[in-house]
Amino acid sequence: MSDAQAQPAGSARVEFEDNERFRALCGAHQEHLKLVERRLGVQAGSRGLQVVLTGDPARVRLAEGLLRELYDLVASGYPLHLEDVDQATKLAGQGVALKEIFGETVYVSARHRVITPKGLGQKRYVQAIRDNDIVFGIGPAGTGKTYLAMAMAVAALVERRAKRIVLCRPAVEAGERLGFLPGDIAEKVNPYLRPLYDALFDMVDSEKATAFIERGTVEVAPLAFMRGRTLNDSFVILDEAQNTTSEQMKMFLTRLGYGSKAVVTGDVTQVDLPSGRPSGLQEVQKVLRGIDGIAFCAFSEVDVVRHPLVQEVVKAYDVYEADRRRPPAEPAPKP
(Lines give C-alpha, C1' and ligand atoms only; values in the text may rest on other atoms or scores of the structure.)
Protein backbone atom coordinates (compact mmCIF):
# COMPACT_ATOMS: atom_id res chain seq x y z
CA MET A 1 0.00 0.00 0.00
CA SER A 2 1.52 3.35 -1.04
CA ASP A 3 1.38 6.61 0.89
CA ALA A 4 -1.65 8.80 0.34
CA GLN A 5 -1.09 11.37 -2.39
CA ALA A 6 -1.12 15.04 -1.47
CA GLN A 7 -4.67 16.37 -1.61
CA PRO A 8 -6.38 19.66 -0.86
CA ALA A 9 -7.38 20.26 2.77
CA GLY A 10 -10.31 18.09 3.69
CA SER A 11 -9.61 15.25 1.27
CA ALA A 12 -7.29 12.27 0.88
CA ARG A 13 -6.73 9.59 -1.72
CA VAL A 14 -5.69 6.31 -0.09
CA GLU A 15 -4.20 3.71 -2.44
CA PHE A 16 -4.10 -0.05 -1.89
CA GLU A 17 -2.29 -2.83 -3.70
CA ASP A 18 -4.22 -6.11 -3.64
CA ASN A 19 -7.62 -6.39 -5.34
CA GLU A 20 -8.96 -9.24 -3.19
CA ARG A 21 -7.92 -7.61 0.06
CA PHE A 22 -9.35 -4.30 -1.11
CA ARG A 23 -12.74 -5.93 -1.74
CA ALA A 24 -12.66 -7.43 1.77
CA LEU A 25 -11.82 -3.98 3.16
CA CYS A 26 -14.75 -2.31 1.38
CA GLY A 27 -17.21 -5.13 2.16
CA ALA A 28 -20.11 -6.46 0.15
CA HIS A 29 -21.88 -3.61 -1.66
CA GLN A 30 -19.37 -1.20 -0.02
CA GLU A 31 -21.06 -1.77 3.35
CA HIS A 32 -17.82 -1.32 5.31
CA LEU A 33 -17.07 2.03 3.64
CA LYS A 34 -20.64 3.20 4.19
CA LEU A 35 -20.34 2.39 7.90
CA VAL A 36 -17.07 4.33 8.15
CA GLU A 37 -18.84 7.26 6.47
CA ARG A 38 -21.68 7.23 9.01
CA ARG A 39 -19.54 6.67 12.07
CA LEU A 40 -16.73 9.15 11.30
CA GLY A 41 -18.74 11.76 9.41
CA VAL A 42 -16.79 11.69 6.15
CA GLN A 43 -17.57 10.84 2.54
CA ALA A 44 -15.81 7.76 1.17
CA GLY A 45 -15.88 6.55 -2.42
CA SER A 46 -13.84 3.82 -4.10
CA ARG A 47 -12.20 4.15 -7.51
CA GLY A 48 -10.19 1.20 -8.71
CA LEU A 49 -7.92 0.33 -5.79
CA GLN A 50 -8.34 3.73 -4.17
CA VAL A 51 -10.59 5.22 -1.52
CA VAL A 52 -11.23 8.94 -1.82
CA LEU A 53 -12.12 10.61 1.47
CA THR A 54 -13.58 14.09 1.83
CA GLY A 55 -14.84 16.08 4.79
CA ASP A 56 -13.48 17.77 7.89
CA PRO A 57 -9.64 17.49 7.71
CA ALA A 58 -9.31 15.95 11.19
CA ARG A 59 -11.99 13.35 10.46
CA VAL A 60 -10.48 12.58 7.06
CA ARG A 61 -7.12 11.86 8.74
CA LEU A 62 -8.92 9.67 11.29
CA ALA A 63 -10.72 7.70 8.54
CA GLU A 64 -7.51 7.35 6.52
CA GLY A 65 -5.64 5.88 9.47
CA LEU A 66 -8.54 3.55 10.24
CA LEU A 67 -8.72 2.22 6.66
CA ARG A 68 -4.98 1.57 6.63
CA GLU A 69 -5.23 -0.39 9.88
CA LEU A 70 -8.23 -2.39 8.65
CA TYR A 71 -6.40 -3.21 5.42
CA ASP A 72 -3.40 -4.44 7.43
CA LEU A 73 -5.75 -6.66 9.45
CA VAL A 74 -7.13 -8.16 6.24
CA ALA A 75 -3.58 -8.61 4.90
CA SER A 76 -2.68 -10.56 8.05
CA GLY A 77 -5.48 -13.03 7.30
CA TYR A 78 -8.13 -11.62 9.63
CA PRO A 79 -11.68 -12.26 8.31
CA LEU A 80 -13.17 -8.76 8.49
CA HIS A 81 -16.90 -8.51 9.28
CA LEU A 82 -19.23 -5.52 9.52
CA GLU A 83 -19.32 -5.68 13.33
CA ASP A 84 -15.51 -5.51 13.35
CA VAL A 85 -15.58 -2.30 11.33
CA ASP A 86 -18.25 -0.92 13.67
CA GLN A 87 -16.08 -1.59 16.72
CA ALA A 88 -12.97 -0.29 14.95
CA THR A 89 -14.63 3.09 14.36
CA LYS A 90 -15.13 3.40 18.13
CA LEU A 91 -11.40 2.88 18.64
CA ALA A 92 -10.31 5.36 15.95
CA GLY A 93 -8.12 8.10 17.37
CA GLN A 94 -7.65 6.45 20.77
CA GLY A 95 -4.02 5.56 20.09
CA VAL A 96 -4.65 1.81 20.25
CA ALA A 97 -3.49 -0.36 17.35
CA LEU A 98 -6.31 -2.54 16.02
CA LYS A 99 -3.90 -5.49 15.75
CA GLU A 100 -3.38 -5.38 19.51
CA ILE A 101 -7.09 -6.03 20.02
CA PHE A 102 -8.41 -7.94 16.99
CA GLY A 103 -5.16 -9.88 16.67
CA GLU A 104 -5.65 -11.62 20.04
CA THR A 105 -7.36 -14.90 19.23
CA VAL A 106 -9.43 -16.32 22.09
CA TYR A 107 -10.85 -19.31 20.22
CA VAL A 108 -11.64 -20.47 16.68
CA SER A 109 -15.24 -21.73 16.55
CA ALA A 110 -16.55 -24.84 14.80
CA ARG A 111 -17.61 -22.57 11.93
CA HIS A 112 -13.99 -21.40 11.63
CA ARG A 113 -14.93 -17.99 12.96
CA VAL A 114 -12.13 -16.34 14.90
CA ILE A 115 -13.34 -15.11 18.28
CA THR A 116 -11.35 -12.08 19.43
CA PRO A 117 -11.92 -9.06 21.68
CA LYS A 118 -13.77 -6.27 19.87
CA GLY A 119 -12.69 -3.34 22.00
CA LEU A 120 -10.57 -2.18 24.92
CA GLY A 121 -13.16 -3.30 27.47
CA GLN A 122 -13.28 -6.81 26.04
CA LYS A 123 -9.48 -6.99 25.79
CA ARG A 124 -9.12 -6.10 29.48
CA TYR A 125 -11.83 -8.64 30.32
CA VAL A 126 -10.06 -11.46 28.47
CA GLN A 127 -6.75 -10.57 30.11
CA ALA A 128 -8.41 -10.45 33.54
CA ILE A 129 -9.80 -13.97 33.01
CA ARG A 130 -6.31 -15.18 32.09
CA ASP A 131 -4.72 -13.53 35.13
CA ASN A 132 -7.32 -14.17 37.86
CA ASP A 133 -9.29 -17.12 39.24
CA ILE A 134 -12.50 -15.14 39.88
CA VAL A 135 -13.63 -12.44 37.45
CA PHE A 136 -16.81 -10.36 37.43
CA GLY A 137 -18.01 -8.95 34.10
CA ILE A 138 -20.64 -6.29 34.81
CA GLY A 139 -22.42 -4.24 32.17
CA PRO A 140 -25.30 -3.97 29.72
CA ALA A 141 -26.57 -6.59 27.29
CA GLY A 142 -24.61 -7.13 24.11
CA THR A 143 -21.14 -6.41 25.49
CA GLY A 144 -19.91 -9.99 25.03
CA LYS A 145 -19.58 -10.81 28.73
CA THR A 146 -21.03 -14.32 28.55
CA TYR A 147 -19.91 -15.11 25.00
CA LEU A 148 -16.25 -14.30 25.66
CA ALA A 149 -16.34 -16.17 28.98
CA MET A 150 -17.72 -19.20 27.11
CA ALA A 151 -14.98 -18.89 24.47
CA MET A 152 -12.34 -18.80 27.20
CA ALA A 153 -13.94 -21.83 28.87
CA VAL A 154 -14.04 -23.89 25.65
CA ALA A 155 -10.42 -22.94 24.89
CA ALA A 156 -9.40 -24.07 28.39
CA LEU A 157 -11.22 -27.38 27.88
CA VAL A 158 -9.69 -28.03 24.45
CA GLU A 159 -6.21 -27.11 25.70
CA ARG A 160 -6.69 -29.38 28.77
CA ARG A 161 -6.36 -26.52 31.25
CA ALA A 162 -9.80 -27.49 32.59
CA LYS A 163 -11.43 -30.92 32.80
CA ARG A 164 -15.00 -29.64 32.55
CA ILE A 165 -17.16 -26.57 32.09
CA VAL A 166 -20.02 -25.77 34.45
CA LEU A 167 -22.57 -23.20 33.28
CA CYS A 168 -25.33 -21.94 35.53
CA ARG A 169 -27.94 -19.22 35.88
CA PRO A 170 -30.45 -18.33 38.58
CA ALA A 171 -33.93 -19.37 37.43
CA VAL A 172 -35.65 -16.08 38.25
CA GLU A 173 -38.78 -15.10 36.38
CA ALA A 174 -38.82 -11.90 34.32
CA GLY A 175 -42.55 -11.17 34.35
CA GLU A 176 -43.68 -14.82 34.23
CA ARG A 177 -44.00 -17.61 36.79
CA LEU A 178 -42.27 -20.97 36.51
CA GLY A 179 -45.37 -22.70 37.76
CA PHE A 180 -47.34 -21.69 34.68
CA LEU A 181 -44.80 -23.27 32.33
CA PRO A 182 -45.49 -26.85 31.13
CA GLY A 183 -43.40 -29.89 32.09
CA ASP A 184 -41.31 -31.10 35.01
CA ILE A 185 -38.67 -28.99 36.81
CA ALA A 186 -35.99 -29.73 34.18
CA GLU A 187 -38.30 -28.61 31.38
CA LYS A 188 -39.37 -25.54 33.36
CA VAL A 189 -35.83 -24.23 33.88
CA ASN A 190 -34.51 -25.16 30.43
CA PRO A 191 -35.67 -21.87 28.81
CA TYR A 192 -33.59 -19.94 31.35
CA LEU A 193 -30.47 -21.91 30.36
CA ARG A 194 -31.06 -21.64 26.59
CA PRO A 195 -28.64 -18.70 26.05
CA LEU A 196 -25.81 -20.79 27.51
CA TYR A 197 -26.64 -23.70 25.21
CA ASP A 198 -26.77 -21.30 22.26
CA ALA A 199 -23.29 -19.93 22.98
CA LEU A 200 -21.87 -23.45 23.38
CA PHE A 201 -23.35 -24.76 20.13
CA ASP A 202 -22.11 -21.65 18.31
CA MET A 203 -18.52 -22.52 19.23
CA VAL A 204 -18.49 -26.32 19.13
CA ASP A 205 -20.08 -28.44 16.41
CA SER A 206 -23.42 -29.97 17.37
CA GLU A 207 -22.22 -33.56 17.66
CA LYS A 208 -19.26 -32.71 19.90
CA ALA A 209 -21.30 -30.33 22.07
CA THR A 210 -23.98 -32.99 22.59
CA ALA A 211 -21.31 -35.54 23.52
CA PHE A 212 -19.78 -33.08 26.02
CA ILE A 213 -23.17 -32.59 27.68
CA GLU A 214 -24.02 -36.33 27.75
CA ARG A 215 -20.66 -37.19 29.33
CA GLY A 216 -20.92 -34.37 31.84
CA THR A 217 -17.82 -32.63 30.45
CA VAL A 218 -20.08 -29.62 29.98
CA GLU A 219 -22.82 -29.19 32.57
CA VAL A 220 -25.60 -26.63 32.24
CA ALA A 221 -27.71 -26.27 35.38
CA PRO A 222 -29.74 -23.82 37.49
CA LEU A 223 -27.77 -22.11 40.25
CA ALA A 224 -29.76 -23.96 42.92
CA PHE A 225 -28.16 -27.24 41.76
CA MET A 226 -24.71 -25.94 42.85
CA ARG A 227 -25.42 -26.11 46.58
CA GLY A 228 -23.23 -28.56 48.51
CA ARG A 229 -20.80 -29.20 45.64
CA THR A 230 -17.05 -28.61 45.29
CA LEU A 231 -15.92 -27.93 41.73
CA ASN A 232 -12.29 -28.92 41.07
CA ASP A 233 -10.41 -28.44 37.76
CA SER A 234 -13.46 -26.67 36.33
CA PHE A 235 -14.20 -23.50 34.41
CA VAL A 236 -17.41 -22.21 35.99
CA ILE A 237 -19.61 -19.46 34.53
CA LEU A 238 -22.48 -17.84 36.42
CA ASP A 239 -24.66 -15.85 34.02
CA GLU A 240 -27.38 -13.30 34.86
CA ALA A 241 -25.81 -12.92 38.29
CA GLN A 242 -27.78 -9.73 39.01
CA ASN A 243 -30.65 -12.08 39.87
CA THR A 244 -28.76 -13.86 42.65
CA THR A 245 -29.46 -13.07 46.29
CA SER A 246 -26.60 -12.33 48.68
CA GLU A 247 -26.83 -15.88 50.02
CA GLN A 248 -26.77 -17.43 46.53
CA MET A 249 -23.73 -15.39 45.48
CA LYS A 250 -21.80 -16.47 48.58
CA MET A 251 -22.88 -20.08 48.00
CA PHE A 252 -21.69 -20.01 44.39
CA LEU A 253 -18.30 -18.43 45.09
CA THR A 254 -17.55 -20.95 47.83
CA ARG A 255 -18.09 -23.89 45.42
CA LEU A 256 -14.72 -23.21 43.76
CA GLY A 257 -12.18 -26.01 44.26
CA TYR A 258 -8.53 -26.54 43.32
CA GLY A 259 -7.52 -25.75 39.75
CA SER A 260 -10.79 -23.98 39.00
CA LYS A 261 -11.71 -20.60 37.56
CA ALA A 262 -15.01 -18.73 37.85
CA VAL A 263 -16.48 -15.96 35.71
CA VAL A 264 -19.58 -14.14 36.96
CA THR A 265 -21.54 -11.98 34.51
CA GLY A 266 -24.55 -9.73 34.90
CA ASP A 267 -26.21 -6.37 34.38
CA VAL A 268 -27.15 -4.58 37.60
CA THR A 269 -29.68 -2.43 35.72
CA GLN A 270 -31.84 -5.48 34.92
CA VAL A 271 -32.57 -7.04 38.31
CA ASP A 272 -35.68 -9.27 38.33
CA LEU A 273 -35.62 -10.11 42.05
CA PRO A 274 -38.72 -9.31 44.12
CA SER A 275 -38.89 -5.74 45.32
CA GLY A 276 -36.78 -5.19 48.43
CA ARG A 277 -34.40 -8.12 47.79
CA PRO A 278 -30.85 -6.80 47.25
CA SER A 279 -28.88 -8.18 44.31
CA GLY A 280 -25.92 -10.38 45.22
CA LEU A 281 -24.00 -8.92 42.27
CA GLN A 282 -24.38 -5.39 43.60
CA GLU A 283 -23.33 -6.42 47.10
CA VAL A 284 -20.32 -8.51 46.07
CA GLN A 285 -18.66 -5.49 44.49
CA LYS A 286 -18.42 -3.94 47.96
CA VAL A 287 -17.47 -7.15 49.76
CA LEU A 288 -14.70 -8.50 47.52
CA ARG A 289 -13.22 -5.37 45.95
CA GLY A 290 -9.42 -5.25 46.39
CA ILE A 291 -8.80 -8.96 46.99
CA ASP A 292 -5.86 -10.40 45.00
CA GLY A 293 -6.95 -12.97 42.42
CA ILE A 294 -10.40 -11.37 42.02
CA ALA A 295 -11.02 -8.86 39.23
CA PHE A 296 -14.00 -6.66 38.36
CA CYS A 297 -14.47 -5.57 34.74
CA ALA A 298 -17.04 -2.87 33.96
CA PHE A 299 -18.66 -2.54 30.52
CA SER A 300 -20.69 0.35 29.11
CA GLU A 301 -22.77 1.00 26.01
CA VAL A 302 -19.52 1.75 24.13
CA ASP A 303 -18.65 -1.97 24.42
CA VAL A 304 -21.92 -3.20 22.87
CA VAL A 305 -21.16 -5.50 19.92
CA ARG A 306 -24.67 -6.38 18.80
CA HIS A 307 -26.73 -4.49 16.22
CA PRO A 308 -25.64 -0.80 16.24
CA LEU A 309 -29.10 0.20 17.51
CA VAL A 310 -28.56 -1.83 20.71
CA GLN A 311 -25.96 0.71 21.79
CA GLU A 312 -28.44 3.52 21.19
CA VAL A 313 -31.14 1.65 23.14
CA VAL A 314 -28.81 1.17 26.14
CA LYS A 315 -27.77 4.83 26.03
CA ALA A 316 -31.39 6.05 25.80
CA TYR A 317 -32.44 3.95 28.82
CA ASP A 318 -29.46 5.22 30.84
CA VAL A 319 -30.53 8.80 30.16
CA TYR A 320 -34.16 7.99 30.96
CA GLU A 321 -33.27 6.31 34.28
CA ALA A 322 -30.96 9.20 35.24
CA ASP A 323 -33.74 11.71 34.55
CA ARG A 324 -36.25 9.66 36.54
CA ARG A 325 -33.95 9.49 39.57
CA ARG A 326 -33.22 13.22 39.47
CA PRO A 327 -35.24 15.06 42.17
CA PRO A 328 -37.86 17.46 40.78
CA ALA A 329 -36.83 21.09 40.60
CA GLU A 330 -38.24 23.23 43.37
CA PRO A 331 -40.71 25.86 42.20
CA ALA A 332 -39.35 29.39 41.96
CA PRO A 333 -40.34 31.58 44.92
CA LYS A 334 -43.23 33.90 44.31
CA PRO A 335 -42.32 37.56 44.06
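The values are calculated or read from the model by the stated rules, or taken from the named source; none is laboratory data. The shown structure was predicted, so the numbers you read here are calculated from the model rather than taken from an experiment. Note that we place each Cβ from the backbone using ideal geometry, even for glycine, and neighbour counts take in every protein chain shown. Ligands, DNA and RNA are excluded from the accessible area calculation, which covers all protein heavy atoms including side chains. Shrake-Rupley method; radii C 1.70, N 1.55, O 1.52, S 1.80 Å.
When only alpha carbons are used to place a centre, the stretch 186-259 and the stretch 16-78 end up 42 Å from one another.
Heavy-atom accessible area with a 1.4 Å probe sorts R130, R124, largest first, into R124, R130. Once the Cα-Cα distance is subtracted from the 0.36 nm per residue extended length, the V52 to S275 segment shows a gain of 74.6 nm. Summarising the strand pairing of the chain, around 35 percent of its internal DSSP beta bridges are antiparallel.
What the Cβ-Cβ distance of R227 and A97 gives, at R0 = 35 Å and to the nearest 0.05, is a FRET efficiency of 0.15. Considering only I291, I138, I213, the mean-square fluctuation computed in a Gaussian network model of the chain, springs between alpha carbons under 10 angstrom, is largest for I291. The long axis of helix 120-131 is offset from the longest Cα principal axis of the chain by roughly 50 degrees. Of the residues E64, E15, E207, the one that moves most in a GNM of the chain with alpha-carbon contacts below 10 Å is E207. Is the chain rounded, prolate or oblate when judged by the Cα gyration tensor, a ≥ b ≥ c being the square roots of its eigenvalues, rounded requiring a/c under 1.5 and prolate requiring a/b larger than b/c? Since a/c reaches 1.5 but b/c is at least a/b, the shape of the chain is classed as oblate. Using a probe of 1.4 Å on the protein chains alone, the accessible area found for R227 is around 150 Å².
A simple spin-label model places the labels of K250 and H81 4.2 nm from each other, with each point 7 Å out along Cα-to-Cβ. Ligands, DNA and RNA aside, T89 has an accessible area near 10 Å² when probed at 1.4 Å. Fully extending the segment from Q285 to Y317, taken as 0.36 nm per residue of separation minus the present Cα-Cα distance, adds 9.2 nm. Computed from Cα atoms, the angle from the helix 31-40 axis to the main principal axis of the chain rounds to 90 degrees.
Accessible-area rank, largest first, for H29, H81: H29, H81, with all protein chains present and a 1.4 angstrom probe. Once the Cα atoms are used to define both axes, helix 185-203 deviates from the longest principal axis of the chain by about 30 degrees. Full extension of the chain between F201 and R113 yields a length gain of 30.4 nm, computed as 0.36 nm times the residue separation minus the alpha carbon distance. What residue among N19, N232, N243 has the largest mean-square fluctuation in a Gaussian network model of the chain, using Cα springs under 10 Å? It is N19.
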